[in-house]
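Working notes, beginning with the structure itself.
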Amino acid sequence: MSKMLVLLAGQSNMSGRGYLTENDVTDIPGLTALRWDGVWIPAADPFNFDRLNMLGLNNSSDPFEEKTLDINGVRRCGVGPGRTFGRLLLERFPDCEIGLVPVSVGGTSVSAWMPGGKDRYSDRHPYDDAVKLARKAQECGDFAVILWHQGESDAKLRTADYKEKLKTVINNLRTELGIPEVPVVLGEIGYFLNSEFDISGYNQLIREAASELDNAGCVSAEGLTDRGDALHFDTQSQYELGKRYFAEYCRLAKI
């Protein structure tokens, strides 16, 4: 059966840093995720190949198939908005299989998402790796939407021309994957970030980018809370963020 594909791109809050509950590690029939090595697995969190040490996975021999709430006493995280979005999409289209394609990389600036761009913390190339995995996913289905959550790094760095760079990244992804009309939903960064971050300024840029892109929308982060580090959304807020992404996708897709 052909899958409805969802591209999950951006940095750590898309990857998910919410702490796991029993619900998050339970498989949902019909909801899968494409692992970094091209294998489809159940979309039980965590399913994004991100910074393993920050997910509490560095001591696990098989971190994406060992579904426990802690490993060697380290509390595991990995809850992002993607699984909630996927579950709601599956409920709307129960006769379809939903395939989540997680390509987000924690700590990445928008510059790392340009073709050839490199993650400053590793040997990964976020944009190039994302295109490669997305093309692999397209062998099994068609993209229904791109979900993007990124901007914390740039709000701290005060990156010049952020809005234009963000629009370029989205347009590049659409062009390379041959999906120019696919809806795109951008997410605001958390309002709980500390004074090092230009929260209002960059959320305004994200909203403007959404309004200037074709068939794109933006979801608010108003009222969402952090997990205690003033940086990452907590688990309940990630559930709510996933619902907001889904509502905006339904508006754009007219479903």
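Total residues in segment 22-51 satisfying the condition of being more than 22 Å from residue 119 (Cβ to Cβ) and either among the basic types (Lys, Arg) or open to solvent by 50 Å² or more (accessible area, probe 1.4 Å) (or both): the figure is 8.
For the condition more than 19 Å from residue 146 (Cβ to Cβ), open to solvent by 40 Å² or more (accessible area, probe 1.4 Å) and assigned to a helix (DSSP H, G or I), what is the one hit in 222, 240?
Working: 222 fails: assigned to a helix (DSSP H, G or I).
Of the residues listed, the single one that is more than 19 Å from residue 146 (Cβ to Cβ), open to solvent by 40 Å² or more (accessible area, probe 1.4 Å) and assigned to a helix (DSSP H, G or I) is 240.
For (1) farther than 27 Å from residue 255 by Cα; (2) at pLDDT 95 or above; (3) not in a loop (DSSP other than H, G, I, E, B), each residue gets a yes or a no:
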position: 54; (1), (2), (3): yes, no, yes
position: 58; (1), (2), (3): yes, no, no
position: 87; (1), (2), (3): no, yes, yes
position: 98; (1), (2), (3): no, yes, yes
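Residue 120 fulfils the conditions (1) open to solvent by less than 10 Å² (accessible area, probe 1.4 Å); (2) closer than 29 Å to residue 196 by Cβ; (3) not in a strand (DSSP E or B) except for a single criterion, (1).
The C-beta contact set for segment 68-80 (first residue touching a residue at least 40 places away in the same chain (Cβ under 8 Å) and among the basic types (Lys, Arg), second residue surrounded by 17 or more Cβ atoms within 10 Å (Cβ to Cβ) and outside any loop (DSSP other than H, G, I, E, B), distance under 9 angstrom, 6+ apart or interchain) comprises 75/19; 76/19; 76/25; 76/55.
Across segment 181-218, which residue is farthest from residue 170 (Cα to Cα) among those that are in a helix (DSSP H, G or I) and open to solvent by 50 Å² or more (accessible area, probe 1.4 Å)? In this case the residue turns out to be 200. Residues in segment 198-255 that are of a type in the set (Phe, Trp, Tyr), closer than 24 Å to residue 165 by Cα and touching a residue at least 60 places away in the same chain (Cβ under 8 Å): 245, 249. Only one of the listed residues (73, 78, 82, 116) is of a type in the set (Gly, Ala, Ser) and touching a helix residue (DSSP H, G or I) at 6+ places or on another chain (Cβ under 6 Å). That residue is 78.
Within the set 237, 220, 153, the sole residue that is among the small types (Gly, Ala, Ser) and under 27 Å from residue 116 (Cα atoms) turns out to be 153. State all residues of segment 164-178 that are open to solvent by 20 Å² or more (accessible area, probe 1.4 Å) and either touching a Lys or Arg at 6+ places or on another chain (Cβ under 9 Å) or in a loop (DSSP other than H, G, I, E, B) (or both); if no residue qualifies, say none. Once the filter is applied, which keeps residues that are open to solvent by 20 Å² or more (accessible area, probe 1.4 Å) and either touching a Lys or Arg at 6+ places or on another chain (Cβ under 9 Å) or in a loop (DSSP other than H, G, I, E, B) (or both), segment 164-178 yields 176, 178.
Among the residues in segment 126-147, are any buried (at least 19 other Cβ atoms within 10 Å of the Cβ) and in a loop (DSSP other than H, G, I, E, B)? No.
Inside segment 66-85, can you point out the residues that are open to solvent by less than 40 Å² (accessible area, probe 1.4 Å) and in a loop (DSSP other than H, G, I, E, B)? Can you show your working first?
Looking only at segment 66-85, we keep the residues that are open to solvent by less than 40 Å² (accessible area, probe 1.4 Å), and these are 71, 76-85.
Passing the criteria: 76, 80, 81.
Can you report the number of residues in segment 84-109 which are over 15 Å from residue 49 (Cβ atoms) and not polar (S, T, N, Q)? Lay out the reasoning, then the answer.
Taking segment 84-109 first, the residues over 15 Å from residue 49 (Cβ atoms) are 84-99, 109.
This time we only want the ones that are not polar (S, T, N, Q), so: 85-99.
Going through segment 84-109 one residue at a time, the tally reaches 15.
Pairs meeting the criteria (first residue in segment 93-109 and under 17 Å from residue 129 (Cα atoms), second residue β-branched (Val, Ile, Thr), beta carbons under 8 Å, at least 6 apart or on different chains) are 100/6; 100/32; 101/6; 109/159.
Specify the residue that is most open to solvent (accessible area, probe 1.4 Å); the eligible residues are those in segment 148-158 that are charged (D, E, K, R) and out of contact with any helix residue (DSSP H, G or I) (no Cβ under 8 Å at 6 or more places or on another chain). Full working, then the answer.
Going residue by residue through segment 148-158, those that are charged (D, E, K, R) are 152, 154, 156, 158.
Those still in the list that are out of contact with any helix residue (DSSP H, G or I) (no Cβ under 8 Å at 6 or more places or on another chain) too: 156, 158.
Numbers: 156: 104, 158: 120 Å².
The selected residue is 158.
Here residue 15 fulfils each of the conditions (1) open to solvent by 40 Å² or more (accessible area, probe 1.4 Å); (2) farther than 15 Å from residue 75 by Cα; (3) in contact (Cβ under 8 Å) with a residue 60 or more places away in the chain apart from (1).
The values are calculated or read from the model by the stated rules, or taken from the named source; none is laboratory data. No experiment lies behind these values; they were computed from the predicted model shown. Positions of Cβ are backbone-derived with ideal geometry, glycine not excepted, and every protein chain shown enters the neighbour counts. These accessible areas exclude ligands, DNA and RNA; they are computed on the full protein's heavy atoms, side chains included. Shrake-Rupley method; radii C 1.70, N 1.55, O 1.52, S 1.80 Å.
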